[in-house]
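This report concerns only the one structure given below.
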Amino acid sequence: MKHLIIFNPSAGKGSEGAQFEEVINKSFEGLDFEIYKTEGPRKVIPFLKAYLKKNNKDTVRVYACGGDGTVHEIANGLVGAKNAELAILPVGTGNDFVKTYGVTNENINKYRSFKPLINGKAIDIDLTKIEGDGLEEPWYSINVINFGFDAIVGARGNYYKEHGFPKKVKEGTNPYDYALKNDAMKHGRFNDIEVYADGEKLNEKQMLLATLAQGQWVGGQFKCAPKSDNTDGLIDVCVLKTMTFLGLGMIIGTYTKGKHLDKPRKKIVYRQAKQIKMVSPKEFDVCVDGEMIKGNNFVVEVCPKAIKLVPPQREE
């Protein structure tokens, strides 16, 4: 078996520089391994496809050392490769995907060891494929695709982070907090997006937000898909209909804890499906494992047993 360790030098803390490479060298001593540092958005995908094609006679265990963005890109690079396995060393900021496997902010340090990942066994997991406007080729989601209210926060927060705030905004303001209060709260509750799950229309013209999940967590703290199972060949679909500020305030705590599906609710539609279509008369923001795209029409489909994953392993 070959071991390919990929890390994002800018993700989280503790993964930068020579010290981390020293940890890698020590952990993989005596094994056939290589190190690759990510060089920019989506650059690792073509590298991985070429690497796996070149080494197609070997099983290659690929270690994603970083956050959800790194995991997303590496998963996309593994699609179609029968000789590849994904293992994750969570050293990012949100680490949403690994939370599905019991990783928490409190115990995450116990999952930051290569040894149990080296010895772990791989399982088949599903991915979700999204195609549509703004995408030259399909993207694959290993965790959650979300759109509506929270995607507006992400998209506008990214904009302010890159381009700066309007005049008179205080220096040091968090761009995502600003986007929440000044964009999502004002304009993000009435999204003209129609959602169809296996042909069934789930909402009237407007909705608040929706999640299409293989994982269970999004946004660092929201357990958006508590029933999701990434081995069942289905996508967990949850649509929150447009609601008042009071209704939003009442549901947010329940949604954060993953309790929103415990009983039927008039403002929440939950389904499991193999295909989802999203249609809107105007462009809307879509967040794919934390990465933003924009368009009017998208088709999302489940890809059963798309890649092999070594589930996060605890070092006791």
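Values as computed for the structure displayed
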| item | result |
| --- | --- |
| Filter pass, ASP236 being among the charged types (D, E, K, R), within 17 Å of ILE145 (Cα to Cα), surrounded by 19 or more Cβ atoms within 10 Å (Cβ to Cβ) and out of contact with any Gly (no Cβ under 6 Å at 6 or more places or on another chain) | yes |
| Tally of residues being at pLDDT 70 or above and either outside the structural domain of VAL60 (by TED's automatic domain parsing) or surrounded by fewer than 18 Cβ atoms within 10 Å (Cβ to Cβ) (or both) across the range 6-19 | 3 |
| Members of the range 81-104 that are among the hydroxyl-bearing types (Ser, Thr, Tyr) and either in contact (Cβ under 8 Å) with a residue 40 or more places away in the chain or assigned to a helix (DSSP H, G or I) (or both) | THR93, THR100, TYR101 |
| Matching residues, the range 283-310, being small (Gly, Ala, Ser) and either over 27 Å from LYS82 (Cβ atoms) or not in a strand (DSSP E or B) (or both) | GLY290, GLY295 |
| Condition check for LEU127: surrounded by 13 or more Cβ atoms within 10 Å (Cβ to Cβ), under 19 Å from the mean Cα position of the chain (by Cα) and in a loop (DSSP other than H, G, I, E, B) | no |
| Residues of the range 22-40 classified as farther than 20 Å from PRO116 by Cβ and at pLDDT 85 or above, total | 4 |
| The range 66-113: number of residues that are of a type in the set (Phe, Trp, Tyr) and buried (at least 22 other Cβ atoms within 10 Å of the Cβ) | 2 |
| Some residue of the range 70-80 being outside any helix (DSSP H, G or I) and over 19 Å from the mean Cα position of the chain (by Cα) | yes |
| In the range 191-234, the residues that are assigned to a loop (DSSP other than H, G, I, E, B), out of contact with any Leu (no Cβ under 7 Å at 6 or more places or on another chain) and within 19 Å of LYS263 (Cβ to Cβ) | LEU202, GLN216, LYS223, CYS224, ALA225, SER228 |
| Hits in the range 257-282 (condition: in a helix (DSSP H, G or I) and at pLDDT below 95) | none |
| Long-range neighbours under 8 Å by Cβ, at least six apart or interchain, first residue more than 18 Å from VAL195 (Cβ to Cβ) within the range 148-159, second acidic (Asp, Glu) and outside any helix (DSSP H, G or I) | GLY154/ASP285; ALA155/ASP285 |
| Residue in the range 291-301 that is within 17 Å of the chain's Cα centre (by Cα), surrounded by 16 or more Cβ atoms within 10 Å (Cβ to Cβ) and β-branched (Val, Ile, Thr) present | yes |
| Residue in the range 144-164 that is part of a loop (DSSP other than H, G, I, E, B), basic (Lys, Arg) and farther than 14 Å from VAL286 by Cα present | no |
| Residues being in a loop (DSSP other than H, G, I, E, B) and within 20 Å of GLY94 (Cα to Cα) - total across the range 132-143 | 2 |
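Residue-wise test of (1) more than 18 Å from PHE222 (Cα to Cα); (2) in contact with a Gly (Cβ under 7 Å, 6 or more places away or on another chain); (3) surrounded by 14 or more Cβ atoms within 10 Å (Cβ to Cβ); (4) acidic (Asp, Glu).
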residue: ASP133; (1), (2), (3), (4): yes, yes, yes, yes
residue: PHE149; (1), (2), (3), (4): no, yes, yes, no
residue: PHE165; (1), (2), (3), (4): yes, no, yes, no
residue: LYS170; (1), (2), (3), (4): yes, no, no, no
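Okay, residues lined up against (1) under 30 Å from ASN297 (Cα atoms); (2) of a type in the set (Phe, Trp, Tyr); (3) touching a helix residue (DSSP H, G or I) at 6+ places or on another chain (Cβ under 9 Å):
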| site | (1), (2), (3) |
| --- | --- |
| THR70 | yes, no, yes |
| GLU73 | yes, no, yes |
| LEU78 | yes, no, yes |
| GLU85 | no, no, yes |
| ASP96 | yes, no, yes |
| THR104 | no, no, no |
| ARG112 | no, no, no |
| LEU135 | yes, no, no |
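The values are calculated or read from the model by the stated rules, or taken from the named source; none is laboratory data. Note that the structure is a prediction, hence the values are computed from the model and not measured. Note that we place each Cβ from the backbone using ideal geometry, even for glycine, and neighbour counts take in every protein chain shown.
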